[in-house]
Amino acid sequence: MLVGCEQPARQRLRQLLAAVKEADVEVVGEAEDGEQAIERIVELKPDVVLLDIQMPGCSGMEVAASLPSPRPKIIFCTAFDEHAVHYWMQPTLSELEGRLDPARFFRISRAAIVNLDAVREVIPREGGPGEAKLSNGTAIGVSRRRMTDLMARLGQG
């Protein structure tokens, strides 16, 4: 269900949803303001609501808070920068590595971290970087300095 005060914004959301070919999405209803949104959500019982934060009547936050259980999943949408999450967080690979379980994940080069359960074969290359073949068929380069550690982690060294 799409909720927003401006028809062009709701139309743009429809276009974006239609462009996602893999998604099984059907827009079951629309509402222009908060009060209408509450009525339609209660009536239609959608799985997901794309909800504008700033609307006439009551805000999207007030709409979400007033819905009875079970509530649909809610995605807040807005055209106003002051309400937007600024959705890109770009952690470095080192920061990401620090968040991952070292028992399951291993950094094989400056550019890649792998799930150790996905590594099916490690191919050392004399005098240069090696290669890790993953269960999905992908081959990824392993730096020379990480090769020995990778082999040891996999019990091959």
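When each of Arg14, Arg71 is tested for being of a type in the set (Lys, Arg), over 30 Å from Ala111 (Cβ atoms), modelled with pLDDT of 85 or more and surrounded by fewer than 17 Cβ atoms within 10 Å (Cβ to Cβ), the lone residue that passes is Arg71.
Yes/no matrix, rows are residues, columns are (1) out of contact with any Asp or Glu (no Cβ under 8 Å at 6 or more places or on another chain); (2) modelled with pLDDT under 90:
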| residue | (1), (2) |
| --- | --- |
| Ser94 | yes, yes |
| Leu100 | yes, yes |
| Arg107 | no, no |
| Asn115 | yes, no |
| Arg120 | yes, no |
| Glu131 | yes, no |
| Arg146 | yes, no |
| Leu150 | yes, no |
| Arg153 | yes, no |
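Taking the range 110-157 as the range and being exposed (fewer than 14 other Cβ atoms within 10 Å of the Cβ) and in a strand (DSSP E or B) as the test, the residues that pass are Asn115, Arg120, Glu121, Ile123, Ala139.
The values are calculated or read from the model by the stated rules, or taken from the named source; none is laboratory data. None of these values were measured; they are calculated from a predicted model. Because the Cβ atoms are built from the backbone with ideal geometry, glycine has one as well, and the counts that use them run over all protein chains shown.
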